[in-house]
Amino acid sequence: MNTISKTTGLTFGYILMAYYALVNLIVFFADYTLFVKSYLTIVNMVVVLILGICCVWITKRRLNNLITFKEGFTAFFIMIVLGFLANYIIQYILFNFVNPEAKIVNNELMIEMTQKIGKDLNLSEAEINDKINVVNNNADDNFSLKTLFFSYAQTILGSSIAGLLIALTFKNKSELSTPRNQ
């Protein structure tokens with residue numbers, strides 16, 4: 001593995017970690033109900049994509065504009081692993097140790113959001129109640145270690161698809177025509 005890819009990925013990973021630390025702390029102490037709002041998720045996704053594009057682009061520049069798919073994806077992957085790890089660790093600490101009541105409120109807001117989405121999709125009351133019962137009978141809350149771990153894995157997988165596309169976009173047009181000694 002190329003050290004330039006690793007160091008660039010680490011650098012952008014630290015930037016993403018700082019971003020998530022700052023956003024999580026500001027949102028938590030300003031209005032923790034914003035964690036269930038979809039626009040916060042969209043803003044976070046846009047930031048990750050912008051940082052990911054910059055990460056792969058800078059990696060390519062540091063490699064004299066000769067980057068393989070593997071080098072581009074490696075830099076992106078290291079960045080998202082670090083950034084999302086910080087995000088979920090901070091959320092776990094905030095909702096389980098700093099203010100556990102916020103966890104209860106956000107779980108209730110998730111139930112209300114499920115009801116609203118069910119009504120928007122024109123589901124019957126029975127179907128909506130079934131969905132709510134599934135949520136209520138779920139022993140895990142949204143901020144338990146198990147749930148956050150699965151969310152982390154799911155986020156890594158989903159973001160990896162974006163990383164694959166970004167790395168594919170930035171790789172050399174023909175990796176075979178521009179061999180490099182590593």
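Observations on the structure shown:
- Residues that are in a helix (DSSP H, G or I), of a type in the set (A, V, I, L, M), in contact (Cβ under 8 Å) with a residue 24 or more places away in the chain and exposed (fewer than 14 other Cβ atoms within 10 Å of the Cβ) do occur in region 139-156, at least one of them.
- When residues of region 105-125 are limited to those that are in contact (Cβ under 8 Å) with a residue 12 or more places away in the chain and under 23 Å from the mean Cα position of the chain (by Cα), the one nearest to Y20 (Cα to Cα): N106
- Count - residues of region 39-93 that are within 15 Å of A167 (Cα to Cα), loosely packed, with under 14 Cβ neighbours inside 10 Å and more than 16 Å from the chain's Cα centre (by Cα): 3
- When residues of region 83-138 are limited to those that are in a loop (DSSP other than H, G, I, E, B) and hydrophobic (A, V, I, L, M, F, W, C), the one farthest from D31 (Cα to Cα): L123
- Considering residues of region 13-43 that are of a type in the set (S, T, N, Q) and touching a residue at least 60 places away in the same chain (Cβ under 8 Å) only, the residue nearest to T114 (Cα to Cα): T33
Taken together, the values in this text are just the output of simple stated rules run on the coordinates, not laboratory data. What you see is a predicted model, and the numbers here were worked out from it, not measured in a lab. Please note: Cβ atoms are built from the backbone with ideal geometry, for glycine as well, and neighbour counts cover all protein chains shown.
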